[in-house]
């Protein structure tokens, strides 16, 4: 159990998907104009990452690996299968959210289908493969990575809401400032690298 | 649908003013990275060294051009509801081709780029161009649009990688240029390369400043809101 907590903390803070690997930057920059939508998108990402990671783990070990169902190395199909799982899961999440919470569905709008092309999701699955996690660890990694991404987008949205009232030079306003802020946040998160997750 | 009909009347393989605009527009006024904010993830991660950025740019130009071409060829036969999945399959196929080719040709670069080659699939530039352009235009113009956007992306990548490698390591493409010891081309005793440039936040700063410079020079892009 402690091992899983370690992976959760490590993936959420130390190897933050958004601020250490720059994954999911497109939606991170596009949707971070207000805290409310950022919050919704962050939750959706945690959810999708938490679901797709174990499913992709099962596909990778049970179907694609040499000891799998077909008994041959099918890893060249990995990208296509992973993206298909992600696309269908996002579709499913979209239908569930539409049913359960129409207000969240409306506020997320176009960003929900965009999660399919959010590289944090596919990147998370590919990292999971390259780090050779087992099933439990892949769940912890998915949830932790999603939580880290959620934290990053909510934090930048809050800063961007405040900085709108500051005197930023014209050409730097908006996008340029968002980049520099993210860089500063990345530096702040780098200081968390000194934490030893085994101490928890 | 109007676009489709207009496109049909024009010559299929001409290269006039409109075609040139398709190639040139993404370099400045409609740059994928600094204006459309697409494809940022890979732009940040692969720009620590110039050779990585070059390989990545070539891969993206290839995938973007051919994904646009194939989608445009198939656009009459793709049902609206499943178009995302069809597009993703086309892109995933092309990326797999790139990945396997790179693995065979240069294994070291392949190892260094690790997951980022696979992540070309989710590079929003490609998806965005397929949705916005290839679904409504003829194959030749879509191909040009793909090449143009790939180059617009590549230029920014190469500029950022040059700045980061030069100031971070004092070298370009692995050739040592500026440094403290005598094996560098220009030797300055006591010179220390800026290690921050190799770390990830610097990519953000460099692109942020690049956007600043770009918008100060091309003032119609300034964000008024």
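Each reported figure results from applying straightforward, stated rules to the coordinates on display, with no laboratory input. For clarity, every value in this text was computed on a predicted model and none was experimentally measured. In this analysis, Cβ positions are derived from the backbone assuming ideal geometry, glycine residues included, and neighbour counts consider all displayed protein chains.
General remarks:
- Compared with the dominant principal axis of the Cα atoms in chain A, helix A:78-100 is inclined by about 60°.
- Calculated FRET efficiency for the pair residue A:67/residue A:163, C-beta based, R₀ 41 Å, to 0.05: 0.20
- Tensor-based shape of the range B:146-225 (alpha-carbon gyration tensor, a/c under 1.5 rounded, otherwise prolate or oblate): prolate
- Taking each residue as 0.36 nm, the span from residue B:80 to residue B:131 lengthens on full extension beyond its C-alpha to C-alpha distance by 17.3 nm.
- Under the criterion of Cα pairs below 8 Å and six or more residues apart, the relative contact order for chain B equals 30 percent.
- Relative to the longest principal axis of the Cα atoms of chain A, the long axis of helix A:119-131 makes an angle of roughly 40 degrees.
- For chain B, the mean residue ellipticity at 222 nm estimated from helices alone is -20000 deg cm²/dmol, where every DSSP H run of n ≥ 4 contributes -39500 (n - 2.57) and the total is divided by all residues, rounded to the nearest 500.
- Distance in nm between pseudo-label sites at residue B:101 and residue A:130 (7 Å out along the Cβ direction from Cα): 2.1 nm
- Taking the longest Cα principal axis of chain B as reference, the axis of helix B:139-169 is set at about 10 degrees.
- Average Cα contact separation per residue, the range B:36-168, under 8 Å, 6 or more apart, as relative contact order %: 50 percent
- Zone residues, the range A:147-190, relative to residue B:219, backbone N less than 14 Å from point 7 Å out along Cα-to-Cβ: A:170-172
- Cα centroid separation, the range B:143-202 to the range B:57-106: 30 Å.
- Cα-based shape type of the range B:36-168, given that a ≥ b ≥ c are square roots of the gyration tensor eigenvalues and the cut on a/c is 1.5: prolate
- Each Cα pair under 8 Å and six or more residues apart adds its sequence gap; the mean of these over the residue count of chain A is a relative contact order of 42 percent.
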